[in-house]
Amino acid sequence: MTGEEPLVLVERDERRRVALVRLNRPRQLNALNGEVMDQLCDALEALDRDDAIRCLVVTGNERAFAAGADIAEMANATPIELLRTNRIAQWDRVRRISKPVIAAVSGWCLGGGNELAMALDLIVAGEGARFGQPEINLGVIPGAGGTQRLTRAIGKSRAMEMILTGEPIDAREALRLGLVSRVVPDELVVEDAMALAASIATKAPLALRMAKEAVNAAYEMSLTDALAHERRLFYLLFASEDQKEGMAAFVEKRPPDFKGR
Ligand code: CO8
């Protein structure tokens, strides 16, 4: 151990079964270098394996969720180095997390920061948050999913405008376009996202996992295949104790006690 501050901080709230993962590179506006991404993926994967935790929140600080990939780290990269290290491939670790993950975004959410937020399941934004894909100003394009996820999130015309101009949008506009699911006062972003996570964490864990998988399939499959996939997941959940418990609790007019089995 070097004694240096970790680049990612984790707080677990076992009572509410949620965890907060905080990007912790404030002086560089949480620019996502390789080490930050390593630590972030390690933390998310550890929480994904942790039965005491059912929903995760990823946040930055009041100035920035993340201002993008680390430009200084990338500036002198060669194509061969990028191919050899294939850094961006590790971003797939983020999308393989099976539990719901909420992005709680304040301040700048740019480039790789926005790509990271979009790779999570939903975004809660503070009023002062700014979302953008400014890579065009650096002579490149979004490389960690931005051209695809932004287009799917807000449609071609607006995604084109954001990606071709590099101009950011504010939180209200992001809400109007469907990039984020809610906008709250800046000082309440983490609190609100954690309350939302706690509410999600009361649901049946296997159903949460299948629901996430089924919604994400909308991006990957044809409608016919995705509907068949959804139906199989739905049928499969009838093998779970939690389905029996959830429906029995409804009939007995009591709250369900889900075990994740
Ligand atoms: N990378 C490295 N350092 C950064 C980054 C970044 N993306 N953003 C900010 N910083 C650093 C600044 O250099 C500065 O450091 P120092 O104090 O040592 O000079 C510090 O953070 C504070 O930044 P500013 O002084 O610039 O703060 P301002 O409030 O004046 O401006 C901005 C804030 C507007 C956010 C400005 O910092 C900015 O424009 N940042 C760059 C935004 C950007 O272009 N992001 C896209 C990066 S490219 C990308 O994300 C491609 C993703 C593809 C995946 C690749 C994976 C390997």
Could you give the angle, 0 to 90 degrees to the nearest 10, between helix 189-201's Cα long axis and the longest principal axis of the Cα atoms of the chain? 30 degrees
All-pairs Cα distance distribution in the chain, expressed in whole percent, bin size 5 Å: 1, 6, 12, 16, 18, 17, 13, 9, 5, 2, 1, 0, 0
Show which lysines lie in cross-link reach of K244 when reach means a straight Cα distance below 20 angstrom and same-chain residues fewer than eight apart are skipped. K203, K253, K259
Just the number, please: carbon plus sulfur as a percent of the accessible area of the chain, 1.4 Å probe, no ligands or DNA/RNA counted. 55 percent
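For R172 and E220 in one chain, what is 0.36 nm times their gap in residues minus the Cα-Cα distance, to one decimal in nm? Write down the numbers at each step before the final one.
Working: separation 48, 0.36 × 48 = 17.28 nm, distance 2.83 nm.
That works out to 14.4 nm of additional length.
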Value of relative contact order over segment 1-99, rounded to a whole percent, pairs C-alpha under 8 Å and six or more apart: 31 percent
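Evaluate the relative contact order of the chain (contact order divided by residue number), counting alpha-carbon pairs under 8 angstrom at least 6 apart; express in whole percent. Mind showing how you got there, number by number?
Working: 462 pairs, mean separation 42.3, N = 261.
This gives 16 percent for the chain.
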Helix-only CD estimate at 222 nm, as mean residue ellipticity for the chain, using -39500 (n - 2.57) per DSSP H run (n ≥ 4): -13500 deg cm²/dmol
Averaged per residue, what accessible surface does segment 85-138 expose to a 1.4 Å probe, in Å²? 34 Å²
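For the ranges 239-245, 130-136, what's the packing order if you count other beta-carbon atoms within 10 Å of each residue, average per peptide, and put the highest first? Walk me through the intermediate numbers first.
Values: 239-245: 15.3, 130-136: 22.6.
Packing order, densest peptide first, comes out as 130-136, 239-245.
The values are calculated or read from the model by the stated rules, or taken from the named source; none is laboratory data. Quantities reported herein were computed from a predicted structural model and do not represent experimental measurements. Note that each Cβ is placed from the backbone with ideal geometry, even for glycine, and that neighbours are counted across all protein chains shown. All accessible areas refer to the heavy atoms of the entire protein, side chains included, with ligands and DNA or RNA removed. Shrake-Rupley method; radii C 1.70, N 1.55, O 1.52, S 1.80 Å.
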